[in-house]
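Take a look at the structure below.
The values are calculated or read from the model by the stated rules, or taken from the named source; none is laboratory data. Note that the structure is predicted; figures quoted are calculated from it, not measured. A quick note on method: Cβ atoms are made from the backbone with ideal geometry, for glycine too, and the neighbour counts reach across all protein chains shown. Surface accessibility is based on the protein's heavy atoms, side chains included, excluding ligands, DNA and RNA. Shrake-Rupley method; radii C 1.70, N 1.55, O 1.52, S 1.80 Å.
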Amino acid sequence: MLFADSVSVDGRHGVICPPTTVRVERGEVVLVVAEPALSRTALSLVLSGRMKPSSGTASWEGKDSLKLLRKHSALVDSPEINAPEPHLKVRDLVAEDLSLVPVPIWRKRGIDSWLNQHGFSEVAGEWVDALDPLTRLDIMARLSEEYHQVRLSVFDSPDRHRLEDSSWLDLLESMAQSRRKPAVVAVVSRVPDDWHGPVFFMGEQDVEPQMHLPHDSAHAQDDADAGEHAVPEQAGQNQDAEQTVAIDALLGEHEDTEHIEVDAPADGDEPDAPKHKSEDPGPEPVEQAAGDIEPDHEPQHLAPPAGEAPPALAEATETEPARDTEPGEHAQPHDPAINPKPETTSRAEDTK
């Protein structure tokens with residue numbers, strides 16, 4: 001088991017990696033999120049025993065020894081550390097790494113036999129930078145397994161190759177489930193969307209990792225929470241429905257009464273008088289003259305017969321002559337001295 005307790009790395013001008021805690025068992029894959037790339041590489045060197053932390057301890061199987069940790073760990077595809085050079089061919093890359101395996105000369109693997117065993121013989125003559133990123137990462141991972149003491153594999157930024165997250169995650173999980181069941185740590189820039197395993201974060205010192213849920217599980221959890229809130233909401237809707245039924249029952253007893261609609265006044269306006277709603281409004285009321293109203297009786301709004309004018313209006317027309325006034329002028333009383341009355345002639349004189 002690897003246990004890095006509050007390890008940190010200080011640079012020349014500042015802190016490169018703040019105190020971080022990581023714990024991983026054999027046969028397990030753990031992601032560690034760190035930014036930027038320099039911090040990821042520094043943390044990968046510490047977790048693989050290649051660099052001493054500025055503070056904290058990194059132990060393997062409970063023993064705080066960098067030599068022991070370095071012996072049982074492998075650093076895979078670290079930029080500017082042991083990532084393959086682009087000017088190498090696949091055969092040259094395999095030959096270089098196999099030559100560094102600390103075994104007797106008679107036990108060293110042949111290059112062609114290794115390529116045939118792992119299915120890379122067809123790309124042996126290809127340039128490394130022309131390989132598919134997943135194939136290149138697979139070659140580096142299998143070469144790290146040639147060290148028989150390795151029980152821990154640390155991948156530095158495997159997500160930088162613009163691969164599908166599921167592809168390199170499957171590679172790491174298959175490596176963790178191999179015959180030796182090593183512990184696998186991937187220092188990445190972000191958590192993949194479909195990852196559902198343990199995650200540690202740079203700068204955090206929690207011993208227990210955070211479990212990252214995939215989107216489907218997160219949506220299911222959200223739906224469950226929404227269902228819990230929907231129960232009281234549904235109860236409130238049922239209560240409102242019961243109140244509506246009770247109000248309708250009370251209003252049903254007064255079906256024969258007139259319904260009054262009141263328009264809500266706007267801000268600053270005077271409220272209008274209620275309007276009586278009726279299916280047959282009937283004839284419009286006609287105002288009567290003030291002299292025709294009897295004091296003991298209320299005025300009755302009766303419509304005159306068709307073609308006839310109201311009596312009050314007819315009398316007013318007969319008693320009051322028409323006046324020739326301009327719009328806006330007031331009628332003046334007739335004064336013979338000021339406005340003599342014009343003489344009229346009979347129709348007989350006009351005939352003569």
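Miscellaneous remarks
- Potential lengthening of the chain between Trp127 and Ser189 amounts to 19.6 nm, from the contour at 0.36 nm per residue minus the alpha-carbon distance.
- Out-of-range pairs (alpha-carbon distance over 27 Å; input Lys52/Lys108; Lys63/Lys181; Lys89/Lys181; Lys67/Lys181; Lys67/Lys89): Lys52/Lys108; Lys89/Lys181; Lys67/Lys89
- The fraction of accessible area contributed by carbon and sulfur in segment 121-212 is 46 percent, rounded to a whole number (1.4 Å probe; ligands and nucleic acids excluded).
- Cα shape, segment 143-188, gyration tensor, a/c 1.5 rule: prolate
- For Gly27, the amide hydrogen comes within under 5 Å of the amide hydrogens of Ala183, Val184, counting only partners 5 or more places away or on other chains and with H modelled in the peptide plane.
- Potential extension, Asp170-Gln210 segment - 0.36 nm per residue separation minus Cα distance: 12.4 nm
- Residues of segment 119-157 falling in the label zone of His87, defined by backbone nitrogen less than 18 Å from a point 7 Å along Cα to beta-carbon, are 126-131.
- Under 11 Å, Cβ to Cβ, from Glu85 - net charge with Lys/Arg +1 and Asp/Glu -1: -3
- Spin-label pair Ala95/Gln117, simplified geometry with 7 Å Cα→Cβ offset, distance in nm: 1.9
- Per residue, segment 1-131 exposes an accessible area of 52 Å² to a 1.4 Å probe, with every protein chain left in place.
- Gyration tensor verdict on segment 6-66 (Cα atoms; rounded if a/c is under 1.5, prolate if a/b is larger than b/c, oblate otherwise): oblate
- Computed from backbone phi with θ = phi - 60° and the Karplus coefficients 6.51, -1.76 and 1.60, the 3J(HN,Hα) list for segment 94-102 is 5, 5, 5, 5, 5, 5, 8, 6, x Hz; x is used for glycine and proline.
- Descending by average beta-carbon neighbour count within 10 Å, the peptides 45-52, 116-123 line up as 45-52, 116-123, the highest first.
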